[in-house]
Amino acid sequence: MHIELKNPYSCSKCGICIEECAKTHGFSRIRTKNKLPIFCKQCSNAPCKEACKVNAIKIVHGIPIINHKLCVGCKLCLENCPYKCIIFKDLVAHKCTLCIDSEKLISPCIEACPNHLLFIKY
C-alpha cells in the first residue's frame with residue numbers, strides 16, 4: 001500500500017500536502033517533480049532495503065522503514081529506488097512511511113489535500 005495521487009492533471013500544485021508532511025516530521029518526506037508530489041510506492045521487493053549495506057532499512061507492516069541511527073548517508077538506497085523517493089537531511093536517509101511512525105491515524109498529507117486527490121492504494 002502507498003499514497004497515490006488520483007489524477008496528476010487535477011493537482012493544483014498548491015504544496016499543502018508537502019507543508020503538512022513538513023509539519024508532522026520537521027521537513028517534508030515527499031519528493032516533488034515540477035511541483036507535483038511523488039510518493040514512495042512502498043515496494044514489496046524494496047530495492048532501497050536490498051541496496052543498504054548497513055541494514056538500516058527494515059520492513060515493518062509491509063513498509064520499508066529507515067533506522068536513522070544506522071544510516072551512514074551513502075545514498076545507495078536513493079540510487080536503487082526506482083522512484084527516487086528517498087530524501088536526505090543532514091546526510092541521513094528519510095522516506096514516506098505512511099506516518100506509521102507518528103501518532104496520526106491518517107496521513108496528514110491525505111487529509112490536507114484541498115482537492116481530495118490523495119488516497120491510500122492497496
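The values are calculated or read from the model by the stated rules, or taken from the named source; none is laboratory data. Nothing here was measured: the structure is a model prediction, and the numbers come from that model. Here the Cβ is made from the backbone with ideal geometry for all residues, glycine too, and neighbour counts use every protein chain on show.
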Need pairs with beta-carbon distance below 9 Å; first residue touching a residue at least 24 places away in the same chain (Cβ under 8 Å) and within the stretch 7-22, second surrounded by 13 or more Cβ atoms within 10 Å (Cβ to Cβ) and β-branched (Val, Ile, Thr); sequence gap 6+ or separate chains. Cys17/Ile3; Cys17/Ile30; Cys17/Ile110; Ile18/Ile30; Ile18/Thr32; Glu20/Ile110; Cys21/Ile30
Taking first residues from the stretch 63-76 that are on the phi > 0 side of the Ramachandran plot and second residues anywhere that are part of a loop (DSSP other than H, G, I, E, B) and surrounded by fewer than 15 Cβ atoms within 10 Å (Cβ to Cβ), the pairs with Cβ under 7 Å that are 6 or more apart or on different chains are Gly73/Leu91
When the stretch 57-71 is examined, which residues are found to be under 15 Å from Cys96 (Cα atoms) and assigned to a loop (DSSP other than H, G, I, E, B)? His61, Gly62, Asn67, His68
Among (1) assigned by TED's automatic domain parsing to the domain that holds Ser10; (2) of a type in the set (Val, Ile, Thr); (3) in contact with a Ser or Thr (Cβ under 9 Å, 6 or more places away or on another chain), where does Ile100 come up short? (3)
Identify, please: which residue in the stretch 31-56 is in contact (Cβ under 8 Å) with a residue 24 or more places away in the chain and in a strand (DSSP E or B) and is, among those, farthest from Cys85 (Cα to Cα)? Leu36
Members of the stretch 4-18 found to be over 22 Å from His68 (Cα atoms) and either assigned to a strand (DSSP E or B) or under 14 Å from the mean Cα position of the chain (by Cα) (or both), listed by number: Glu4, Leu5, Cys17
Identity of the residue in the stretch 63-88, farther than 20 Å from Ile18 by Cα and of a type in the set (Lys, Arg), that ends up farthest from the chain's Cα centre (by Cα): Lys69
Among the residues of the stretch 19-30, what is the count of those that are assigned to a loop (DSSP other than H, G, I, E, B) and closer than 21 Å to Lys121 by Cβ? 3
